[in-house]
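First up is the structure itself, then whatever we jot down about it.
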Amino acid sequence: MLEWYKDDERIGMITGCNLCPDYDCGRDYIFSKITEIWGWATWRRVWKNYRISITDEEMKELADTRYLRNYWGRWYGDTIMKGLIDVKLERCSAWSYSLSYLIATNNQLVIVPGHNLITNIGFEREDATNTAGKSRYVFPDGELEFPIARRSGCSVDYEYDKQYVDAYHKENPVQFVYSFVVSHYLDWKKDRQRRKKGCQK
C-alpha cells in the first residue's frame, strides 16, 4: 500500500488503527480525515515538511480563520487546535498534533483499514507516557486478508469520521462519566499494585 500511494499527493499517511469496531465499511480500507497515529506510516514527501511546533503566524492564522474547525468540524478540530497550543506553550510534548496540522493544511487524507489491526501495548503499564486510564481505546486486533482490493477512487468515508468523532471527541455526559470512572479505577489499581510490590520487597 505504501508503494501504491507513494506518489499520490492526496494521501498523507496510512494507519493500522480503526477505533470504530461497530462500523462495517465493507471494504479492505477507507479514506478518512482522521489522523490516528497508532501503527502509522507515511512517505518522505510528507515527513520532510513536518515541524514539531508551528510558527506564531501560523497559529494566528489558524485562530483567525478557524481552519481546523472548518476542516474537521468543531469537536475534532478544536481538539487538535488545543493540542497545538499546548505544544507551542510547552505544556505537552506530543508530536502527533503537528502531523495532523500538516496533513490538514495540505488537504490530504488518511488510509484506514476496514477493521483494527493495532494493539497499543502502552496501556496499563507503569512506564506508559500518555495512555494511563484510557482503556476505552482498547480493541481486539485482526489481520488483513490478501490480496487487498485496491480502491479506484479516493473519497472520504464521512460515516466513519462521524462515528469516530461522536465516540471520542464529541461531548457526551455518559462517555465523560464512563471515562472518569474507568480512569480513576485504573489509577487505583496501579497504586494498589505498586503498594503490593513494595510490601513484597
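Each value in this text was obtained by applying a stated rule to the coordinates, not by laboratory testing. Keep in mind it's a predicted model, so treat the numbers as computed, not measured. Note that each Cβ is placed from the backbone with ideal geometry, even for glycine, and that neighbours are counted across all protein chains shown.
Non-local amide H neighbours of Trp40 (under 5 Å, H modeled in plane, Pro and chain starts lacking H): which ones?
Close amide H contacts, sequence-distant or interchain: Gly16.
Counting pairs of alpha carbon atoms under 8 Å apart in space and at least six apart in sequence, what relative contact order in percent does segment 11-173 give?
Values: 213 pairs, mean separation 62.9, N = 163.
Answer for segment 11-173 is 39 percent.
Please compute the modelled spin-label separation between Leu144 and Ile121, points set 7 Å along Cα→Cβ, answer in nm with one decimal.
2.1
With θ set to phi - 60°, apply the Karplus curve 6.51 cos²θ - 1.76 cosθ + 1.60 along segment 28-33 and write out the HN-Hα couplings as whole Hz, x wherever there is a Gly or Pro.
With coefficients 6.51, -1.76 and 1.60, one gets 5, 7, 10, 10, 9, 8 Hz.
Which pairs in the list Lys6/Lys88; Lys82/Lys162; Lys6/Lys170; Lys6/Lys82; Lys6/Lys33 are over 29 Å apart, alpha-carbon to alpha-carbon? Please list the in-between numbers first.
Details: Lys6/Lys88 31 Å; Lys82/Lys162 20 Å; Lys6/Lys170 33 Å; Lys6/Lys82 31 Å; Lys6/Lys33 18 Å.
With Cα atoms farther than 29 Å apart: Lys6/Lys88; Lys6/Lys170; Lys6/Lys82.
Out of residues 5 or more away from Ile30 or on other chains, whose amide H comes under 5 Å of its own, with H placed 1.01 Å from N in the peptide plane?
Residues meeting the criterion, in which the H sits 1.01 Å from N, are Val112, Gly114.
Using a simple charge model, +1 on the beta-carbon of Lys and Arg, -1 on the beta-carbon of Asp and Glu, nothing else, what dipole does segment 11-173 show about its Cα centre, in debye to the nearest 20?
Details: 20 positive and 23 negative charges, 102 e Å.
Here the size comes out at about 480 debye.
For a protection proxy built on the mean count of beta-carbon atoms within 10 angstrom, sort 107-115, 53-61 highest first, please.
On the way: 107-115: 21.0, 53-61: 13.0.
Going from most to least packed, we get 107-115, 53-61.
Can you classify segment 1-69 as rounded, prolate or oblate using the Cα gyration tensor, where a ≥ b ≥ c are the square roots of its eigenvalues, rounded means a/c under 1.5, and otherwise it's prolate if a/b beats b/c and oblate if not? Spell out each step's value before the answer.
Numbers: a/c = 2.44, a/b = 1.50, b/c = 1.62.
The shape class here is oblate.
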